[in-house]
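Colleague: I have a structure here, written as structure tokens, and I will follow up with some questions on it.
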Amino acid sequence: KRPAGAPDKSLARKVTKVGIVGAGLMASQMALLFARRLEVPVVLTDVDQARVDKGVGYVHGEIDKLLGKKRVSPDQANRLKALVTGSLDKAAFADADFVIEAVFEDLGVKQQVFAEVEEHVSAEAVLATNTSSLSITEMAAGLKHPERVVGFHFFNPVAVMPLLEIVRADRTDDATLATAFAVGKQLKKSSVLVKDAPAFVVNRLLTRFMGEVVKSIDEGTPFEVADKATEPLGLPMSPLVLLQLVGPPVALHVAETMHRAFPDRFGVSENMKRFVEAGKAAVWQWDATGKQTVD
Ligand code: CAA
């Protein structure tokens, strides 16, 4: 059944090579998924060799885990490893027909990335973004071919979470959108078409939800109490553990975007801001027993 709002699948273009900008955790998880499900070459790029190597190393490590669990054969594992390569140079995207960026959550940075990628790919290559909150229309503005830009938003952990938010920007054309849906299907994700609105749908809910839990801690509720109080909701993971999984800097960026868009409904936790701005990777740390310590 065609997902609501998806164009006819006959408009989709075939994807024979994937480029990924960024080699962080989410990008690396995406690289593995694309290689595994599309069985096409995937190139990861980043700003320095150490990051590129770390990303490719993560993918190889995950393939070894799949091999250990007998989810892939030794032959498949070798093939998958050969499909995922790293490069410092976006010229490696030359024949890629689907490039997705998963760099720092900043509009200017993402616009610059797309402008650079556009110099190396064909006029029809899809430029997808894994942004979790920024405007896709603004990201496409200024490009030579804004009609090939689409939102393609995964959730953590990428290998496990079934949903994919596909976002149509003002100028996204049907062929681009149809390609995005076709790729989503190949990845075995459940794709939904969402409006190009701040944080789309999922993160709008999640940010508000996490924000209220964090705010209760800012107001003096002990961490353990705030964490335990969400138990009756029956979530697979408490909002505070989820915050750790998503990464406090990312969560803070989303919260700030939402605060700018809807100041009456979204706040930004002062504690979280202070810790992230001080360069701490995590707001809260858990010890082996699951008890938190504030860093
Ligand atoms: N990376 C890769 N695979 C992972 C993983 C990870 N980080 N964490 C778990 N998995 C895999 C495990 O390997 C396991 O796979 P197999 O069955 O193949 O062995 C499977 O997931 C289930 O794992 P577990 O049995 O260990 O754990 P679980 O049943 O407790 O499930 C979970 C783990 C799926 C992460 C679950 O806790 C969950 O659904 N949590 C909520 C996640 C969520 O809400 N994500 C959305 C985040 S918001 C976001 O990402 C948006 C954004 O833009 C910021």
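Just so you know, all these numbers are worked out from the coordinates, no wet-lab data involved. Just so it is clear, the structure is predicted and the values come from calculations on it, not from any experiment. So basically every Cβ, Gly included, is an ideal-geometry build from the backbone, and we count neighbours across all protein chains shown.
Colleague: What is the Cα coordinate range of region 1-108 on the first, second and third principal axes, sorted by size from largest, in whole angstrom?
Modeller: Largest first, region 1-108 extends 39, 39, 24 Å along its Cα principal axes.
Colleague: Moving on to the next point. If the reach is capped at under 16 angstrom between alpha carbons, list the lysines near LYS185, excluding any in the same chain fewer than eight residues apart.
Modeller: By straight Cα distance, LYS185 reaches LYS1, LYS9, LYS14.
Colleague: If I take R0 = 25 Å and measure r between the Cβ atoms of ALA159 and ALA82 in this structure, what FRET efficiency does the formula 1/(1 + (r/R0)^6) give, to the nearest 0.05?
Modeller: E(calc), rounded to 0.05, equals 0.80.
Colleague: Antiparallel DSSP bridges in the chain: what percent, to the nearest 5?
Modeller: For the chain, the DSSP antiparallel bridge percentage is about 25.
Colleague: Please compute the modelled spin-label separation between ASP48 and THR221, points set 7 Å along Cα→Cβ, answer in nm with one decimal.
Modeller: In this crude label model, THR221 to ASP48 measures out at 4.0 nm.
Colleague: Separate question: Based only on other Cβ atoms within 10 Å, what is the fewest-to-most ordering of SER132, SER238, SER216, SER10?
Modeller: Numbers: SER132 26, SER238 19, SER216 16, SER10 8.
Fewest-to-most ranking of SER132, SER238, SER216, SER10: SER10, SER216, SER238, SER132.
Colleague: OK, next. Once every DSSP H run of n ≥ 4 in the chain is given -39500 (n - 2.57) and the sum is divided by its residues, what mean residue ellipticity at 222 nm do you get, rounded to the nearest 500 deg cm²/dmol?
Modeller: -13000 deg cm²/dmol
Colleague: Would you compute the Debye intensity of the chain from its alpha-carbon atoms alone, equal scatterers and no solvent, and pass along log10 I(q)/I(0) at q = 0.16 Å⁻¹ to two decimals?
Modeller: So the normalised log intensities are -1.34.
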